[in-house]
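First the structure, in the form of structure tokens, and then the observations on it.
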Amino acid sequence: MIASATDPDWYLPFAGYVIVVQEPWEPVPHDRRYRGLYRTPEWTEQKDALGFTPDLMDFEDEAGMILSLDGVMRLLDRYARFEDPASLEVLYVTPATDAPHGASGSNRLEFLGIDVTTPRPFYSLLLTKYGGAWFEAYLPFLNENGLFDDIGRARGFLDAWFEAAGGSDPDFDRADIQLSNVYLSLDEQGIPLGRGSAR
């Protein structure tokens, strides 16, 4: 029997801020714009030659999440040397069973939807390699950001993913997948953090 996505033994929570680029790493397999977690800035040899390092442990926890807005702003300054600031935005993430917490009172959050991802680099199962009728059945429930609005649909999608993979997936362990509330972090003027925020 396939374990349900609600079984407590698979759940590995991660929460905090993530700096992402506006475009996803991989083509979106549907007609909606994907605005989930799988958009962290990509390492390249050119960036490495300029001193870019994906090791940001001074600011992040062991799950790769930035824990404070101060850390976000300091990292945006660092990222601006390697990425166009206009291409960056900041997400705030919580497990989908949680309400938003930990954000500064001066910061605003815009709910984008629920993503289904691994921990960093946050590969999203919504950019699925398993197509077919089961996936097509979930497309009407994705919002304009290519994410779920309803946690029940997201849980059903996760169960359907593993059923399509024959009950297990050699690339993913169920314990490494989280249903995440994804929020766009806005400044006091309602402008997405990251877009010109770095100084």
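Restricting to segment 32-57, give me the number of residues that are in contact with a helix residue (DSSP H, G or I) (Cβ under 8 Å, 6 or more places away or on another chain) and at pLDDT below 75.
Matching residues across segment 32-57 total 1.
Looking at this structure, is ALA5 at pLDDT 80 or above and more than 17 Å from ARG78 (Cβ to Cβ)?
On the way: at pLDDT 80 or above: no; more than 17 Å from ARG78 (Cβ to Cβ): yes.
So ALA5 fails the test.
Restricting the search to segment 87-138, which residues are at pLDDT below 85, within 15 Å of the chain's Cα centre (by Cα) and of a type in the set (Ser, Thr, Tyr)?
Residue satisfying the conditions is THR128 alone.
Give me the pairs, please: first residue somewhere in segment 173-188 and among the polar types (S, T, N, Q) and at pLDDT 90 or above, second residue anywhere and surrounded by fewer than 17 Cβ atoms within 10 Å (Cβ to Cβ) and assigned to a strand (DSSP E or B), beta-carbon distance under 9 Å, and either six or more positions apart or on two chains.
GLN178/PRO95; SER180/PRO95; ASN181/PRO95; ASN181/PHE111; SER185/LEU109; SER185/GLU110
Say we look at segment 160-171 and pick out the residues that are in contact (Cβ under 8 Å) with a residue 40 or more places away in the chain and buried (at least 16 other Cβ atoms within 10 Å of the Cβ); which of these is nearest to the chain's Cα centre (by Cα)?
Step one: of segment 160-171, the residues in contact (Cβ under 8 Å) with a residue 40 or more places away in the chain are 161-163, 167.
Within this subset, residues satisfying the condition of being buried (at least 16 other Cβ atoms within 10 Å of the Cβ) are 161-162.
Values: TRP161: 18, PHE162: 20 Å.
Residue satisfying both the conditions and the ranking: TRP161.
The values are calculated or read from the model by the stated rules, or taken from the named source; none is laboratory data. On a predicted model such as this, the values are computed, not experimentally measured, just so you know. Note that we place each Cβ from the backbone using ideal geometry, even for glycine, and neighbour counts take in every protein chain shown.
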